[in-house]
1. With n ≥ 4 as the cut-off for DSSP H runs, can you work out [θ] at 222 nm for the chain, using -39500 (n - 2.57) per run divided by the number of residues, rounded to the nearest 500?
2. Rounded, prolate or oblate: which fits segment 4-95 when a ≥ b ≥ c are the square roots of the eigenvalues of the alpha-carbon gyration tensor, with rounded for a/c under 1.5 and prolate only if a/b beats b/c?
3. At a threshold of 8 angstrom on Cα-Cα distance, excluding pairs fewer than six apart, so keeping six or more, what relative contact order does the chain reach in percent?
4. How long, wide and thick is the chain, going by the Cα atoms along their three principal axes, in whole angstroms, largest first?
5. Once all Cα-Cα distances of segment 110-154 are split into 10 Å bins that start at 0, what whole-number percent is in each one?
6. Let's test the formula: R0 of 25 Å, r as the Cβ-Cβ distance of residue 101 and residue 67. What FRET efficiency results, to the nearest 0.05?
Ligand code: SF4
Ligand SMILES: [Zn+2]
């Protein structure tokens with residue numbers, strides 16, 4: 001097969017010459033601008049999202065000559081591409097027609113006791129407790145476990 005289809009999507013893409021798809025140097029607010037939101041909306045109705053996402057997987061500036069790097073500082077297939085592994089996973093999900101779910105961010109404080117939490121397994125500071133998962137600290141997890149055990153034994 002020739003590059004006809006590849007050429008076709010590039011020359012017929014609805015984003016051609018439209019603003020908002022590329023980050024302008026120094027514009028750190030770009031992903032949150034109206035222009036970027038409009039760009040993502042255009043991608044949502046674009047018939048070439050798969051071709052575009054496949055191309056974007058290796059459209060970045062490679063760190064070395066071997067590994068392809070995902071696109072950076074651009075919106076492709078509705079994804080704000082930042083040239084990293086998160087971009088690669090989001091593009092891959094778009095290619096496979098899956099919704100890409102970003103991992104939830106660890107809360108900074110325990111949702112049960114409000115103590116400050118860290119992302120490491122141990123902490124040398126007694127005021128900072130490791131995050132045990134699901135938004136609660138290791139101390140609360142242990143307390144909950146103990147409480148459940150006590151209730152089960154009493155029943
Ligand atoms: S998916 Fe978005 S960036 Fe890609 S060709 Fe379509 S409109 Fe352009
Ligand atoms: Zn807690």
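What follows is calculated from the coordinates using simple rules that are stated; it is not laboratory data. Not measured: the values here are computed from a predicted model. Every residue, glycine as well, gets a Cβ built from its backbone with ideal geometry; the counts of neighbours run over all protein chains shown.
1. Details: 5 runs with 56 residues, N = 155.
It lands at -11000 deg cm²/dmol.
2. Working: a/c = 1.62, a/b = 1.06, b/c = 1.53.
The shape class here is oblate.
3. Numbers: 202 pairs, mean separation 19.6, N = 155.
Relative contact order, the chain: 13 percent.
4. Sorted from largest, the Cα extents of the chain read 72, 38, 36 Å.
5. Reading the bins upward from 0: 30, 47, 19, 4.
6. On the way: r = 25 Å, r/R0 = 1.00.
Approximately 0.50, to the nearest 0.05.
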